[in-house]
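**Q** Take a look at the following structure, please.
The values are calculated or read from the model by the stated rules, or taken from the named source; none is laboratory data. Please read these numbers as outputs of a predicted model, since none were measured by experiment. Here Cβ is always computed from backbone atoms with ideal geometry, including for glycine, and neighbour counts include all displayed protein chains.
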Amino acid sequence: MNLFKFRIGMIGLLSLLGVQIKAQQRLHDVALEQRIRAAASPALKNVLDHPEIYQYQLIYTEITRNSSNQPVFRHQYLNVSDSMYFNPASMVKFPVALMVMEKMDSLRSLGINPLTLLKTDSSAPKSLLELVREAMIVSDNVAYNKLFQFLGQEAINVRLQEMGYTGSRITRRFIPLTPEQHRVTEAVQLLTSDGRLLMEQPAIKSAFPFDFSRRILVGNAHYNWSDSLVQEPFDFTTHNRIPLRDMQQVLQSFLFPSSVPERQRFHLSDETRKLMLDAISELPSESRFPVFDTTEFFDSYSKFFLYRDGKRKVPDHIRIFNKTGWSYGYLIDVAYILDKSRNREFMLSGVIYVNSDGILNDNRYEYDSIGYPFFREIGEILLQSTVVDATRHRRTSSRPVSAITRGDSTRKALALVFTGHEFGEGGATIRRVLKKKGVKASFFLTGDFYRNLKLQKLIRELKADGHYMGGHGDKHLLCCDWSNRDSLLVSKEIYQNDIRNNEEAMRAVGIDASQSVYFMPSYEWYNDSIVWWTKQLGRHLVNNTSGTLSQADYTRIQDKNYRNTETIFASIKDRETKYGLNGFLLLLHVGTGPGRPDPFWNRLEELITWLQQRGYQLETVPSLLE
């Protein structure tokens with residue numbers, strides 16, 4: 001909602017709601033300020049008393065869930081104004097990284113994927129994924145500069161305008177160049193891991209028409225790039241600019257795309273979206289690609305809200321999806337915070353200016369004494385004190401609600417996954433091949449399958465062989481509409497009882513269902529409510545990784561969607577050749593029933609041999625994901 005577009009006649013109404021607007025520019029909720037002041041320390045109250053000095057802005061967004069588990073947002077503001085300039089610093093890296101991943105997805109047909117190497121200069125090339133993760137997890141400037149170069153200044157700003165961020169601009173990299181030099185990005189190459197050229201992008205000169213008519217001067221003096229003191233304010237007129245509300249909207253549009261208009265959504269594949277979720281939530285110590293020096297990059301290094309002050313440890317029950325920035329005395333954090341212990345989720349965005357001597361670039365900012373404590377205390381107050389009924393919150397996971405559809409995409413491993421309900425005629429062949437090849441697989445079977453007396457010998461043999469035995473629903477229910485995924489066809493009680501009955505059937509054949517924490521939905525079809533209801537039972541909903549036709553091995557020759565085995569096998573090979581199968585949950589079926597002339601399990605040994613020759617480790621789902 002853009003309150004700046006409201007007419008004067010709306011100001012009275014907004015005042016009644018506790019929102020004060022000065023000249024239709026400043027958003028300020030008195031109730032939010034009172035709530036913070038009621039628990040604030042003297043130091044925080046001193047900051048709140050001097051907005052003209054600290055230039056702080058804060059957006060607090062309570063998130064609740066409606067009956068369909070869709071998020072409902074309630075924004076509250078403290079001293080927020082789109083016209084109040086602050087330098088966004090490394091915050092610009094987040095939208096740039098998202099645009100890079102958009103561009104990468106658009107070039108998939110050329111063989112470009114997250115592990116494609118980007119070569120920009122004489123330094124060693126790095127993969128797109130590594131550069132994005134460096135820019136997100138530890139806010140690396142060199143990585144950002146390369147990503148900026150891959151996009152080009154004009155493309156970045158055209159995209160911002162397309163998405164409606166007309167008050168934002170990203171004009172520069174973090175290197176000492178003139179405004180005109182920033183318009184030019186040098187040629188880049190995209191290479192395979194063995195150095196083969198996939199694409200060459202020539203040097204680009206931006207012609208984007210920036211409006212620099214408003215001069216932006218900050219401070220009393222500054223050090224220039226030559227480290228000389230200049231007794232004049234620092235000129236930010238041509239610098240990057242993103243208002244705080246735009247920053248939060250970018251994060252919201254990525255995390256909750258259905259909550260924003262279509263034009264504000266980033267066009268990312270499910271795989272790419274998961275990679276970005278990991279990049280903005282993982283702590284430095286959790287990263288395996290790349291590995292960071294945790295002495296320098298401690299876990300709360302880029303978690304300003306709650307934990308950066310005092311280098312506090314981020315507890316296991318808290319997960320933060322965010323991006324931070326710091327430069328010229330400005331500190332910024334835009335975050336989505338999940339608290340599993342309180343069953344809460346909310347967004348929190350803030351900026352503060354801490355530069356008491358008024359000199360920019362002297363590296364004498366009060367980050368440690370004022371800035372980080374400000375973010376910690378604000379976060380603590382709003383985390384611990386809430387006016388929202390926690391029972392209305394629907395998430396307890398460490399990331400936005402979704403099924404787990406892929407493991408670590410940086411590791412050459414995958415899981416063979418077999419589902420079964422009515423038919424199991426391929427089971428003996430599948431078991432024999434797996435045993436011969438020394439491979440452990442994962443079997444997700446319905447209660448009807450486990451109760452089938454003709455199949456119980458096979459089930460016990462698969463268990464004895466060490467394969468993962470999981471649930472697939474008791475009666476193979478279709479839980480949500482095929483054409484309208486948000487439309488549920490079962491109640492919570494029916495769904496959860498279906499899982500309980502499935503697990504009771506597992507116990508009857510000697511399988512400890514409490515150890516089967518991964519569950520695959522019937523028909524591999526689900527929505528957010530199904531995910532949430534599964535989590536409430538202490539189970540994780542997993543699903544096959546999209547991108548191949550492996551799941552079509554159940555189709556019969558009379559079916560309109562019939563795919564023969566050769567076509568299915570070719571789709572797997574094609575996907576692997578173009579993008580790899582790292583982390584895949586590759587779905588196949590234990591049986592198809594009559595009507596399929598070429599069951600895929602007859603070529604399972606050939607598939608496994610080919611995958612092993614390509615260097616893949618074949619693991620169970622728990623091993624792949626944990």
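**Q** Condition check: more than 17 Å from the chain's Cα centre (by Cα) and outside any loop (DSSP other than H, G, I, E, B). Does residue 263 satisfy that?
**A** Taking the combined requirement at face value, the residue satisfies it.
**Q** Same structure, new question: Would you mind finding the one in 144, 165 that is in contact (Cβ under 8 Å) with a residue 24 or more places away in the chain, among the hydroxyl-bearing types (Ser, Thr, Tyr), buried (at least 19 other Cβ atoms within 10 Å of the Cβ) and part of a helix (DSSP H, G or I)?
**A** 144
**Q** Considering only the range 382-390, I want to know if a residue exists there that is exposed (fewer than 15 other Cβ atoms within 10 Å of the Cβ) and modelled with pLDDT of 95 or more.
**A** No, the range 382-390 contains no residue that is exposed (fewer than 15 other Cβ atoms within 10 Å of the Cβ) and modelled with pLDDT of 95 or more.
**Q** Looking at the range 258-273, is at least one residue touching an Asp or Glu at 6+ places or on another chain (Cβ under 6 Å) and within 23 Å of residue 326 (Cβ to Cβ)?
**A** No: the range 258-273 contains no residue that is touching an Asp or Glu at 6+ places or on another chain (Cβ under 6 Å) and within 23 Å of residue 326 (Cβ to Cβ).
**Q** On to the next question. Scan the range 428-450 and give yes if some residue there is surrounded by fewer than 22 Cβ atoms within 10 Å (Cβ to Cβ), within 15 Å of residue 513 (Cβ to Cβ) and not polar (S, T, N, Q), otherwise no.
**A** Taking every residue of the range 428-450 in turn, none turns out to be surrounded by fewer than 22 Cβ atoms within 10 Å (Cβ to Cβ), within 15 Å of residue 513 (Cβ to Cβ) and not polar (S, T, N, Q).
**Q** Residue by residue through the range 313-341, note down the ones that are aromatic (Phe, Trp, Tyr), farther than 19 Å from residue 278 by Cα and in a strand (DSSP E or B).
**A** Scanning the range 313-341 gives 326, 330.
**Q** Give the range 168-185 a look and list any residue that's part of a helix (DSSP H, G or I) and either over 16 Å from residue 211 (Cα atoms) or in contact with a strand residue (DSSP E or B) (Cβ under 8 Å, 6 or more places away or on another chain) (or both), or say none.
**A** Passing the criteria: only 181.
**Q** With the condition kept exactly as written, say whether any residue in the range 242-250 is in a loop (DSSP other than H, G, I, E, B) and in contact (Cβ under 8 Å) with a residue 12 or more places away in the chain.
**A** Scanning the range 242-250, I find at least one residue that is in a loop (DSSP other than H, G, I, E, B) and in contact (Cβ under 8 Å) with a residue 12 or more places away in the chain, so the answer is yes.
**Q** Report yes if some residue within the range 342-351 is modelled with pLDDT under 95 and part of a loop (DSSP other than H, G, I, E, B); otherwise report no.
**A** Yes, some residue in the range 342-351 is modelled with pLDDT under 95 and part of a loop (DSSP other than H, G, I, E, B).
**Q** Hey, can you tell me all the residues within the range 283-317 that are without any contact (Cβ under 8 Å) to a residue 60 or more places away in the chain, crowded, with 19+ Cβ neighbours inside 10 Å and among the hydroxyl-bearing types (Ser, Thr, Tyr)?
**A** Once the filter is applied, which keeps residues that are without any contact (Cβ under 8 Å) to a residue 60 or more places away in the chain, crowded, with 19+ Cβ neighbours inside 10 Å and among the hydroxyl-bearing types (Ser, Thr, Tyr), the range 283-317 yields only 300.
**Q** Further question: Mind listing whichever residues of the range 572-581 are assigned to a loop (DSSP other than H, G, I, E, B) and either of a type in the set (A, V, I, L, M, F, W, C) or modelled with pLDDT of 95 or more (or both)?
**A** 581
**Q** Could you check how many residues of the range 582-626 are part of a loop (DSSP other than H, G, I, E, B), touching a residue at least 12 places away in the same chain (Cβ under 8 Å) and among the charged types (D, E, K, R)?
**A** Within the range 582-626, residues that are part of a loop (DSSP other than H, G, I, E, B), touching a residue at least 12 places away in the same chain (Cβ under 8 Å) and among the charged types (D, E, K, R) number 3.
**Q** Say whether the condition of being out of contact with any His (no Cβ under 8 Å at 6 or more places or on another chain) and in a helix (DSSP H, G or I) is met by at least one residue in the range 553-564.
**A** no
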